[in-house]
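First the structure, in the form of structure tokens, and then the observations on it.
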Amino acid sequence: MHGELRTVPFLFGADDGMWRNVMASSAALMSRKWVTGRAVGRRIEELDPVVGNEEATHLSLEVRYGDAIFAHAAYTVAFARQVAIPSIARILYRTGTGDMMHDVRRRNDDTLLFFGEMLHHGHSSEYGRSFIDRMEQIHSRFGITDDDKLYTLGSLAFEPDRIVEHLGLSVFTDNEREARFHFWRQVGEYMGLDVPQTRERFLRWTFDYESRYAHTDGARKIVDQLFVDWQERWFPGRTRRFADGILLSVFTEDLRAIHRLPEPSRGHRLVVPPAIGAYLAFQGVRPHRPHRSWSDHFGTRHPKPLDIPTLGHRKPIARTIRPTGESH
């Protein structure tokens, strides 16, 4: 109801002048080849976090802070949280037969491609929803409960904030956090889930659900595969010895404990937080392409246009849907 009330002025023209200004600002920003991080930040703050949650979340997670290494790191921590729930770990591990155990990089690329297309095209477009539908189609064979799906959405909504808070950093604004919540709330509602209607209630629900955390051997093996992908993807040659310590520093203490991971060295604990802080501060001001997406990096193994029904591990069963405006 809260979201519906916020949209009334725009739907019925009570603030037509303001709405035209907002739309003009968006068009001006998105028409540029490059735009500074500060300009992206100003645009995010102009947006209503309910009505404009799709644009705000795309600009925040894919444009301003959308470098592939940061997206992959945040995804890795969120995935480790998800498999700390034994019922989720059991489905993903599948006694060692799950995709995560045999081709972790492809599995991660495909998942990040799915999220990238949702973020880039929005949850309200036919094209964006076709990715949600495909994801649900793949998951339907495994009997995943609604609560486990809801926890997965919670990790996507809140993990960026939990990571920077754990590192002692201030990165995202209230508007960004609220818009991100509404983005994943509306994804969940499209999936038919009963999502708590405020960020505070959903965050509390997520923390309560984490009382189910327990160590399992399958989850630890999945997390080990996540670390392998992190090492091999970003740290060539002699730099690989730094990979584990950096990622361990991003994991919270409770998450390391559940998966029985080692503590990062004192050197990593001292160096990693300010280094990430400096990196994110630079991202916040440097020029970006306003249309960039996680898909640009993680979707390169697939020909374009994406044949959505063939993505994932099951056989194609439906037609291809192209983004609006793409030639056939």
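The values are calculated or read from the model by the stated rules, or taken from the named source; none is laboratory data. Everything quoted here is computed from the prediction, not taken from an experiment. Positions of Cβ are backbone-derived with ideal geometry, glycine not excepted, and every protein chain shown enters the neighbour counts.
From (1) surrounded by 20 or more Cβ atoms within 10 Å (Cβ to Cβ); (2) of a type in the set (K, R); (3) closer than 21 Å to Y209 by Cβ, pick out the condition that doesn't hold for K149.
Looking at each condition in turn, K149 falls short on (1).
Output the number of residues of segment 58-71 satisfying the condition of being out of contact with any Pro (no Cβ under 7 Å at 6 or more places or on another chain) and over 22 Å from T206 (Cβ atoms).
So the answer is 8.
Hey, can you tell me all the residues within segment 223-263 that are at positive phi and either in a helix (DSSP H, G or I) or touching a residue at least 60 places away in the same chain (Cβ under 8 Å) (or both)?
G237
Kindly indicate which of H259, H215, H291 is within 22 Å of the chain's Cα centre (by Cα) and surrounded by fewer than 16 Cβ atoms within 10 Å (Cβ to Cβ).
After ruling out the rest, the residue left standing is H291.
Of everything in segment 121-140 that's in contact (Cβ under 8 Å) with a residue 40 or more places away in the chain and among the charged types (D, E, K, R), which residue is surrounded by the fewest Cβ atoms within 10 Å (Cβ to Cβ)?
The residue in question is E126.
Look through T206, T239 and report the one residue that is exposed (fewer than 15 other Cβ atoms within 10 Å of the Cβ) and of a type in the set (V, I, T).
Unique residue meeting the criteria: T239.
For the condition of a type in the set (K, R), at pLDDT 95 or above and either closer than 20 Å to E159 by Cα or touching a His at 6+ places or on another chain (Cβ under 7 Å) (or both), what is the one hit in R204, R240? I'd like the intermediate steps shown before the answer.
On the way: R240 fails: either closer than 20 Å to E159 by Cα or touching a His at 6+ places or on another chain (Cβ under 7 Å) (or both).
Every option except R204 fails the conditions.
Among S155, S130, which is assigned to a helix (DSSP H, G or I), small (G, A, S) and either touching a Pro at 6+ places or on another chain (Cβ under 8 Å) or closer than 19 Å to A219 by Cβ (or both)? Full working, then the answer.
Values: S130 fails: either touching a Pro at 6+ places or on another chain (Cβ under 8 Å) or closer than 19 Å to A219 by Cβ (or both).
Being assigned to a helix (DSSP H, G or I), small (G, A, S) and either touching a Pro at 6+ places or on another chain (Cβ under 8 Å) or closer than 19 Å to A219 by Cβ (or both) holds for just one of S155, S130, which is S155.
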